[in-house]
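J.: Quick one: this structure, given as structure tokens, is what I'll be asking you about.
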Amino acid sequence: MNIETPTSSNKKTKLCPHCKQEVNPRATRCPHCAGKLWVWSTTNKFIYGGIGLILLFWLIGTFGDYFASPSASSVPIKNPIVLTVGQAASLHLPGNDDPTQAICLAPNLALYREYSNALDRRDFGAILPLADKGLFCVHNGSKVKVLETNSVYSRVQVVSGVAEIDKDKIGESGWSVTEWLSPI
């Protein structure tokens, strides 16, 4: 902010932005109203500009991935998967066949969206308490039966799991992203 405003041809004074009285150009406070007079020197511009750039780069580095990879629920589906109620399917993370990866299901859409939002924020601490509300996970590649479906979400029932730990989930139903279902 540059408040240096010449009031005469000799430029020996500047105007106070508060009371509009003439003051010495080197003054930091107005002698008339005691208001602060900010003088943005070249040094201050470089210091604050440098701090601003460092902060900007830090924000981009920290949150850049967040904005670059939107959630599955906000991505338009290019090739919608057509599923029918009662159809057998396999739960698969897109582009990932690793059977050690988990896919979480929720008993209702509101809880699934809460889980999805926590994932988008990478707030893994917020995911653990959702298990008390009914969120459960099965391994990538688990077999399911479609109970309800639309273009974005599907409610499925676990038919068989990939790992021993999935056995206690057989018969449970929950919501997932339809894109993660592959018809069998």
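Computed from the coordinates by the stated procedures, all read-outs in this text should not be read as laboratory data. All of these numbers come straight from a predicted model, not from anything done at the bench. So basically every Cβ, Gly included, is an ideal-geometry build from the backbone, and we count neighbours across all protein chains shown.
J.: Need the list of lysines near Lys133 for cross-linking: C-alpha distance under 26 angstrom, and skip anything on the same chain fewer than eight residues off.
T.: Within reach: Lys143, Lys145, Lys167, Lys169.
J.: Under the Karplus relation 6.51 cos²θ - 1.76 cosθ + 1.60, θ = phi - 60°, what is the ordered set of whole-Hz ³J(HN,Hα) values for the stretch 19-25, x standing for Gly and Pro?
T.: 10, 6, 8, 6, 9, 4, x
J.: Can I ask one more? Would you mind ranking Ser142, Ser151, Ser90, Ser176 so that the residue whose beta carbon has the fewest other beta carbons within 10 Å leads the list?
T.: Taking fewest neighbouring Cβ atoms as first place, the list is Ser151, Ser90, Ser176, Ser142.
J.: Something else about it: Considering only DSSP states other than H, G, I, E and B, which trypsin sites (Lys or Arg not before Pro) in the stretch 114-170 qualify as loop sites with at most 14 other Cβ atoms within 10 Å?
T.: Those satisfying the criteria are Arg121, Arg122.
J.: Give the lysines reachable from Lys14 as a straight Cα distance under 24 Å; neighbours fewer than 8 places away on the same chain don't count.
T.: Lys36, Lys45
J.: Based only on other Cβ atoms within 10 Å, what is the fewest-to-most ordering of Thr178, Thr28?
T.: Fewest-to-most Cβ neighbours within 10 Å comes out as Thr28, Thr178.
J.: For the stretch 159-169, what does the Karplus curve 6.51 cos²θ - 1.76 cosθ + 1.60, with θ = phi - 60°, yield as ³J(HN,Hα) per residue in whole Hz, taken in order and with x for Gly and Pro?
T.: For the stretch 159-169, the Karplus curve yields 9, 8, x, 8, 10, 4, 5, 6, 4, 6, 8 Hz.
J.: Please say if the stretch 92-182 is rounded, prolate or oblate, where rounded means a/c under 1.5 for a ≥ b ≥ c the square roots of the C-alpha gyration tensor eigenvalues, and otherwise the choice is prolate for a/b larger than b/c and oblate otherwise?
T.: rounded
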